[in-house]
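> Handing you this structure, nothing more for now.
The values are calculated or read from the model by the stated rules, or taken from the named source; none is laboratory data. This one's a predicted model, so the numbers in the text were calculated from it and none came from an experiment. Remember, those area values only see protein heavy atoms, side chains included, never the ligands or the DNA or RNA. Shrake-Rupley method; radii C 1.70, N 1.55, O 1.52, S 1.80 Å.
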Amino acid sequence: MDCIETLKQICEELGEDINSPLCKEVEEHLRNCAKCCAHVDSIKKVVRLYQNVERPDVPDAVDVRLWKVLNLQKPTD
Amino acid sequence: MEISEKELVRRAKQGDRLAQAKIVNDYEKMVYNLGLKLLGNEEKAECVLQETFLKVLQALPNFQEKSQLSTWIYRIATNQALMRLRAKKRQLVSIDDNSEYEGKGYSAFVRSLNADPLDDLLNQELKEKMNIAIDQLPENYKTVFVMKDIEGLALKEIAEILDLSLPAVKSNLHRARVTLRNKLSEMWN
């Protein structure tokens, strides 16, 4: 785990600047707390798993029905 | 030549069919995937897709342009999906289900993540478990999680779409992530 990246992520979620007193406190705590590090690490990995979920294109048949319902011509570009 | 969003909306509002088609073309994948992830069902995702764009085209003349076009379309799509989600009998997860380190499968789950998480994406069983876990999330967690961690929207935009405060979005997102982690841990056992 990249600690700085993780800290940035935590601070972003907290709405804090990475150099804010709160983020400094978080950094200090993370440095000394294996339990919190493990927690952050596991959450980060779950997020990564879901971020890698494929975003499928609209299936052709669904696409055809959509344009028909809307009575529009799909752009050809 | 590319035209600005403002010009595209202006033309679409005036009934320009090419402009309307461009809007649908630009956002159909986004709407379909939102419906698919929130409802976990291709047929229902198609319904959301059709209903959203019928509504978008109908409501375009009244679009005030106070938000970005994408945010406005996302809001309509989310409302359509949530209406269907609420109608669907679903298994509720307690919002207090926040035990973070306990759970028999947690260690095994974390070990599997440490082993090679991205390769695991190829594993159909894992994909199914991920889909089940997300499907079981309470609606308010699921919506925020899908928008932020799968669709990649900014937290501020999510707050605007869902008409929630930023702290509420962050809180729901964190609870969603922890709940998902715990659910996947349980399933791994």
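> Can you give me the Cα centroid spacing of the range B:147-170 and the range B:28-44 in angstrom?
That distance is 18 Å.
> Under 25 Å from the Cα of B:LYS170, which lysines turn up, not counting those fewer than eight places away in the same chain?
Hits, sequence-local ones excluded: A:LYS8, A:LYS24, A:LYS35, A:LYS44, A:LYS45, B:LYS37, B:LYS66, B:LYS129, B:LYS142, B:LYS148, B:LYS156, B:LYS183.
> With a 1.4 Å probe and every protein chain left in place, tell me how much accessible area A:VAL69 has, in Å² to the nearest 10.
Roll a 1.4 Å probe over it and A:VAL69 shows about 60 Å².
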